[in-house]
Amino acid sequence: MTAEKSSNTIEISINTDVLVIGTGAAGAEAAEVISAQGYKVAVAGDGGQDIAQSGRAELIEGAHIRDFAGVAGDFRACFVKDGQRLERNFGAVVIAPGRNVRPQAEPFGLSLGERVITLGELEKILADGNARSKLGGAAVALLLNLTWEGDPQYTARVLEASLAIQQLEGATASIYAGNVKVAAPGLERKFTYVREQGVVCFKPMEKPSIEQTGDKIRITTLDSILRKTLVAEYDYLVVEEKAEPSDRDLDLAYSLRLDTDLEGFLPSNNVHRFPVNSNREGIYIAAPGLGANIALRIKELFGDGVKSVPADRAVVDPEKCTICLTCYRCCPHGAIFWQDGVAAISPLACQGCGICASECPMDAIQIGGFNDKDLRRQVREAVAATQKPAIVAFCCQNSALEAGRAAAEFGMDLPAGLKLIKVPCAGKVDVEFIMQAFVDGADGVMVAACHEGNCKAERGNLFARWRVNEIRKRLEALGIDKQRLLFTTFASNMAKGFAETAAQFAGSL
Amino acid sequence: MIVAERKPFEEIKAMVSGYKKVLTVGCGTCVAVCLAGGSKEVATLNAELELALGKDGISPGAATVERQCDMEFLAELDPLAEQYDAFISMACGAGIQFLAERFPDKPVFPAVNTSFIGVNLDVGWYEEKCRACGTCVLGTTGGICPVTMCAKSLFNGPCGGTNNGSCEINTDQPCAWYRIHERLSAQGRLEQIMEISPANDWSNQKPRKIIQPGYEERIKALQG
Ligand code: SF4
Ligand code: SF4
Ligand code: SF4
């Protein structure tokens, strides 16, 4: 699959077929725009006849992923379809997430029924001409984001439904909303428009109390704008449908080795990534309206099917590798696999964070631009050349390094003996480097990472913190003051904070 | 694999005190995989020794061989050995002893405690699975080892202490024989639980040797 081009880049030929998992609206949209780019698309999932009819994509109907392996440009999916195994290769994968829906009547002590319905049920009634008439003249209350975080899509549905009610003869809609999520194109405008059309919107300061007596629903709420307790009666109450990650998505996250956010939704949050990217190169998460973004990312990844990549981003020495799988398990980007009895790293999927290199028990992995020999030499030089106290500061290039350099540029006071050593991610700071710095005579060592939740490599900062904590214990056991080793976090714009922390640290040594 | 844990530093330091030239020998197999004795642990331990004893107190060397339980790999250390007064071995107990056998005139100190035969649950997380009893009964116990998991290492169970899935010693300890019952019944071969496994011959707990089938002749020839 790879051919050498020059000593530092290689050309990789990429499989440019795309697998879309999920036949819903987001999946269909992604399939449509990706195939319009000229790539072959297969959609797997239940239903999806419209996709098959469009002729834009192949439909692998009723197929569910059983096993999944490989890396960007060369994924191998094994499906089960009608009890048969089916193996296919793809260069990229798009997941259209599914959601489980949990009606939120119970948090108000209510149960669903004729008068207490979910948003989904309301939408069905509104869509059906006969059923719709029963809402004529009715007062309807809709709850929005009172029992869960919510999202713009849900807000849009509630606004749409309210408007439809408001337009029925004699009917009125009132919305009781927590935080209204409007971060989607045109949604803010829609919210204003809906209110102009007569939909009343309350913003309760605390959870409203709701009682049902016969056919009437009474809502008592303390409104945060009017600062008054308001009581109103309605004919119908539309409770929220709290979205939860579907079981299928949780399974997919596990078998495709994807991180989820705290609530279990794909993808995990990372400010350094585009919203459609997952933690793995070549795997994207679709949402309505984001198809074009995904198509763009895929085009960037595939190009015309041959890609030039740095050959030395992360390289395994097959002589040293004992195939312990530590690197495979630690790589936050799923870039590592094994082949011919040793670990192998995909130069396309690897992001060069260096976490694997620092975790490898055999020091078998070298990172381009940050090889161990160079870093060790830098540590030695830093310690030898500096004034006292000699401080070696390992700085993540995405945050602390920028902050430290800016502090120097702005002429802020930095300890004279402080030396910054650039690392691709704090996760690259090896136990050995820190120990070696002390052996070489450093008075203090600082490991400076990104803030928690802000690591470009997802959790390189966590690895760094765990290691520092472990080494501090070891230093203590050696009779060395553990305060001489500091773990700290910065954002790249924190020049002043960097200078203060460094000065404080130097003072304490 | 064999799972080991690094010894507390104080213990290692006490053993090597007084030896200036020490070669720390890692092993690239089980102990590397369980993150206790590969080349990284060797480098880290040496740094700890230098920090604690000072560069004048100790000057440690580093070498990691493929496997310390194979003499051919230990032979690679021969040219190095004469430069050192003592060895630290980061291998399992078997490797440590084989290293000591290779260099009988020099002290060999263990830097790890060999803990068990186990499996990898996640990076740095292991679980014991087998006690090397020498009479494996997994075939009739649904693939669950009663010697390891049962507090009494019963070959036939459960005993009267089984307690809603837990062992009588405490509720966090699963009852091995309860699990065996569950697994065999799920596989539709529960009747096998009635088969009596004869008591193990625990006199086999003296040092054992194994010759794999097909190698008997070769070894007989070697032994002359
Ligand atoms: S961590 Fe190192 S020794 Fe283990 S599989 Fe990866 S490269 Fe090989
Ligand atoms: S450098 Fe980072 S992204 Fe690349 S293989 Fe190693 S852990 Fe994975
Ligand atoms: S019965 Fe248990 S201890 Fe004995 S060999 Fe089998 S797994 Fe190991």
Across (1) open to solvent by 50 Å² or more (accessible area, probe 1.4 Å); (2) within 14 Å of chain B (Cβ to nearest Cβ); (3) farther than 20 Å from A:Ala457 by Cβ, A:Arg329 clears everything bar (3)
Limited to the range B:160-197, what total is found for residues that are open to solvent by less than 50 Å² (accessible area, probe 1.4 Å), within 14 Å of ligand 3 (Cβ to nearest atom) and at pLDDT 95 or above? 3
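Residues to consider are A:Ala52, A:Ala105; find the one that is more than 28 Å from A:Asp259 (Cα to Cα), of a type in the set (Gly, Ala, Ser) and open to solvent by less than 20 Å² (accessible area, probe 1.4 Å).
Details: A:Ala52 fails: open to solvent by less than 20 Å² (accessible area, probe 1.4 Å).
The match here is A:Ala105.
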Taking the options A:Ile367, A:Ile336, A:Ile391, name whichever one is within 14 Å of chain B (Cβ to nearest Cβ), modelled with pLDDT of 95 or more and open to solvent by less than 20 Å² (accessible area, probe 1.4 Å). A:Ile336
Condition first: under 30 Å from A:Ser35 (Cβ atoms), in a loop (DSSP other than H, G, I, E, B) and near ligand 2 (Cβ under 10 Å from one of its atoms). Can you find one or more residues in the range A:310-326 that meet it? no
On the basis of being assigned to a loop (DSSP other than H, G, I, E, B), under 20 Å from A:Asn371 (Cβ atoms) and either assigned by TED's automatic domain parsing to the domain that holds A:Cys455 or within 16 Å of ligand 1 (Cβ to nearest atom) (or both), does A:Pro347 make the cut? yes
Determine which single condition A:Glu432 fails, assuming it passes every other condition in (1) modelled with pLDDT under 95; (2) in contact with a Leu (Cβ under 9 Å, 6 or more places away or on another chain). (2)
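For the range A:215-308, give me every one of the strands (runs of 3 or more DSSP E) that falls completely inside it and has 3 or more residues that are not aromatic (Phe, Trp, Tyr). Quick ask: steps written out before the conclusion?
Working: elements: A:216-223, A:228-234, A:236-239, A:241-245, A:283-285.
By residue number, A:216-223, A:228-234, A:236-239, A:241-245.
Considering only the range B:5-43, how many residues are within 12 Å of another protein chain (Cβ to nearest Cβ) and either touching a Gly at 6+ places or on another chain (Cβ under 7 Å) or assigned to a strand (DSSP E or B) (or both)?
Start the filter on the range B:5-43 by keeping residues that are within 12 Å of another protein chain (Cβ to nearest Cβ), which leaves B:6-13, B:26-43.
Of the ones still in play, those that are also either touching a Gly at 6+ places or on another chain (Cβ under 7 Å) or assigned to a strand (DSSP E or B) (or both) are B:6, B:26-28, B:31-32, B:35, B:37-39, B:41-42.
Final tally of qualifying residues: 12.
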For B:Gly18, are the conditions met, namely being out of contact with any helix residue (DSSP H, G or I) (no Cβ under 9 Å at 6 or more places or on another chain) and either closer than 26 Å to B:Asp105 by Cα or not β-branched (Val, Ile, Thr) (or both)? yes
Members of the range A:306-319 found to be open to solvent by less than 70 Å² (accessible area, probe 1.4 Å) and at pLDDT 95 or above, listed by number: A:Ala314, A:Val315, A:Val316, A:Asp317
A:Gly341 passes all but one of the listed conditions (1) within 11 Å of ligand 1 (Cβ to nearest atom); (2) at pLDDT 95 or above; the exception is number (2)
Answer yes or no: is there a residue in the range A:370-384 that is within 16 Å of ligand 1 (Cβ to nearest atom) and part of a helix (DSSP H, G or I). yes
Quickly run through the range B:120-151 and pick out the residues that are within 16 Å of ligand 1 (Cβ to nearest atom) and touching a residue at least 12 places away in the same chain (Cβ under 8 Å). B:Asn120, B:Val123, B:Gly124, B:Tyr126
Within the range B:136-159, restricting attention to residues that are open to solvent by 60 Å² or more (accessible area, probe 1.4 Å) and within 9 Å of ligand 3 (Cβ to nearest atom), which residue is nearest to the other protein chains (Cβ to nearest Cβ)? B:Leu138
For A:Ser508, state whether it is within 35 Å of the chain's Cα centre (by Cα) and either among the acidic types (Asp, Glu) or open to solvent by 50 Å² or more (accessible area, probe 1.4 Å) (or both). no
One residue is enough: does the range A:298-317 have a residue meeting the conditions within 30 Å of A:Gly186 (Cβ to Cβ), of a type in the set (Val, Ile, Thr) and away from every other protein chain (no Cβ under 14 Å)? yes
Give just the number: which of (1) away from chain A (no Cβ under 14 Å); (2) open to solvent by 10 Å² or more (accessible area, probe 1.4 Å) does B:Ser89 not satisfy? (2)
Can you tell me which residue in the range B:44-63 is least open to solvent (accessible area, probe 1.4 Å), limited to those that are among the charged types (D, E, K, R) and either in contact with a helix residue (DSSP H, G or I) (Cβ under 6 Å, 6 or more places away or on another chain) or facing chain A (nearest Cβ under 9 Å) (or both)? B:Glu48
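Taking the range B:115-152 only, how many residues are among the hydroxyl-bearing types (Ser, Thr, Tyr) and part of a strand (DSSP E or B)?
First, the residues of the range B:115-152 that are among the hydroxyl-bearing types (Ser, Thr, Tyr): B:115, B:126, B:135, B:140-141, B:148.
Now drop any that are not part of a strand (DSSP E or B), which leaves B:115, B:126.
Of the residues in the range B:115-152, 2 are among the hydroxyl-bearing types (Ser, Thr, Tyr) and part of a strand (DSSP E or B).
Give me a count of the residues in the range A:28-55 that are part of a helix (DSSP H, G or I) and over 19 Å from A:Lys81 (Cα atoms).
Initial filter on the range A:28-55 (part of a helix (DSSP H, G or I)): A:28-36, A:49-54.
If we keep only those that are over 19 Å from A:Lys81 (Cα atoms) as well, we get A:28-36, A:50, A:53-54.
The number of residues fulfilling the criteria is 12.
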Looking at (1) more than 22 Å from B:Gly124 (Cα to Cα); (2) in the same structural domain as A:Ala26 (by TED's automatic domain parsing); (3) within 16 Å of ligand 1 (Cβ to nearest atom), find the lone condition where A:Arg257 falls short. (1)
Of the residues that make up the range B:133-151, is at least one farther than 30 Å from B:Glu5 by Cβ and touching an Asp or Glu at 6+ places or on another chain (Cβ under 7 Å)? yes
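Residues that are of a type outside the set (A, V, I, L, M, F, W, C) and within 14 Å of chain B (Cβ to nearest Cβ): which helices (runs of 4 or more DSSP H) entirely in the range A:395-509 hold 1 or more of them? Before the answer, list the steps.
Details: elements: A:400-409, A:431-440, A:460-477, A:495-508.
Filter on the range A:395-509 gives A:431-440, A:460-477.
Please report, ordered by residue number, the strands (runs of 3 or more DSSP E) entirely within the range A:61-149 with at least 2 residues that are in contact with an Asp or Glu (Cβ under 8 Å, 6 or more places away or on another chain) and under 30 Å from A:Met205 (Cβ atoms). Outline the logic, then answer.
Working: elements: A:64-71, A:74-81, A:84-90, A:92-95, A:99-103, A:116-118, A:139-144.
Per the criteria, A:99-103, A:139-144.
The values are calculated or read from the model by the stated rules, or taken from the named source; none is laboratory data. Everything quoted here is computed from the prediction, not taken from an experiment. Neighbour counts are summed over all protein chains in view; Cβ atoms, including those assigned to glycine, are modelled from backbone coordinates with ideal geometry. Each accessible area value is taken on the protein alone, full model and side chains, heavy atoms only, with ligands, DNA and RNA left out. Shrake-Rupley method; radii C 1.70, N 1.55, O 1.52, S 1.80 Å.
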